[in-house]
């Protein structure tokens, strides 16, 4: 009989570029603000006592800074996973988020409207979906029966939630994802395929 376990999805704490309203994408410059560090500590405290066996993090600094206190609280090491990076947004990175138009992002009114749109040099929602779900599928398969934490980014969490609900990229919602608030989902084994 297939087993059921949980995966914890955590968006990084508030970053300096969140605070300034800038498109972060895969930029390495954003770090956690003082508020973001407090959010990461609260997140770690909320996971104390959970039967988590592994903590994986995007290799971007804002995610690693969030993952560190979580891993410490659970007595684990942080495992770096570059495939958990945020969606690459190319030429839009570092510009005001308000200027990233739907025809370039593929997102409007909390929904994906074009899964194949991308800013110059950026990644489409469909490409992000493929990358993130392939990674998650491999990690969940490697930890069959175990609970794991994935510390990543809003875009990655949105596609993973859609994938776990068997929703394809073209039909996805694009909801707000709070900083450093764990989202827990049950995952039946075998894990879904991307």
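One residue is enough: does the stretch 69-77 have a residue meeting the conditions surrounded by 18 or more Cβ atoms within 10 Å (Cβ to Cβ), farther than 24 Å from residue 38 by Cα and either in contact with a strand residue (DSSP E or B) (Cβ under 7 Å, 6 or more places away or on another chain) or modelled with pLDDT of 95 or more (or both)? No, the conditions are met nowhere in the stretch 69-77.
Just one of the numbered conditions (1) buried (at least 18 other Cβ atoms within 10 Å of the Cβ); (2) more than 28 Å from residue 37 (Cβ to Cβ); (3) out of contact with any strand residue (DSSP E or B) (no Cβ under 6 Å at 6 or more places or on another chain) is not true of residue 91: (1). Residue check: residue 108 meets all listed conditions (1) in contact with a strand residue (DSSP E or B) (Cβ under 8 Å, 6 or more places away or on another chain); (2) over 30 Å from residue 144 (Cβ atoms) but one, namely (1). Out of all the residues in the stretch 111-144, which are in a helix (DSSP H, G or I), more than 18 Å from residue 79 (Cβ to Cβ) and touching a strand residue (DSSP E or B) at 6+ places or on another chain (Cβ under 8 Å)? Hit for the stretch 111-144 is 125, nothing else. Taken over the stretch 39-65, residues that are free of Cβ contacts under 8 Å to residues at least 12 places away in the same chain and under 21 Å from residue 139 (Cα atoms) amount to 0.
Just to be sure, is residue 41 within 18 Å of residue 149 (Cα to Cα), out of contact with any helix residue (DSSP H, G or I) (no Cβ under 8 Å at 6 or more places or on another chain) and outside any loop (DSSP other than H, G, I, E, B)?
Spelling it out, it is not the case that residue 41 is within 18 Å of residue 149 (Cα to Cα), out of contact with any helix residue (DSSP H, G or I) (no Cβ under 8 Å at 6 or more places or on another chain) and outside any loop (DSSP other than H, G, I, E, B).
If you check 53, 62, which single one turns out to be outside any loop (DSSP other than H, G, I, E, B), out of contact with any helix residue (DSSP H, G or I) (no Cβ under 7 Å at 6 or more places or on another chain) and crowded, with 22+ Cβ neighbours inside 10 Å?
Exactly one residue qualifies, and that residue is 62.
For residues that are assigned to a loop (DSSP other than H, G, I, E, B), more than 19 Å from residue 55 (Cα to Cα) and under 13 Å from the mean Cα position of the chain (by Cα), tally how many sit in the stretch 145-177. The number of residues fulfilling the criteria is 4. For the stretch 72-85, the set of residues classified as in contact (Cβ under 8 Å) with a residue 60 or more places away in the chain and in a helix (DSSP H, G or I) consists of 74, 84, listed by residue number.
The values are calculated or read from the model by the stated rules, or taken from the named source; none is laboratory data. Small disclaimer: the values here were computed from a predicted structure and weren't measured. Glycine gets a Cβ as well: all are built from the backbone with ideal geometry, and neighbour counts include every protein chain shown.
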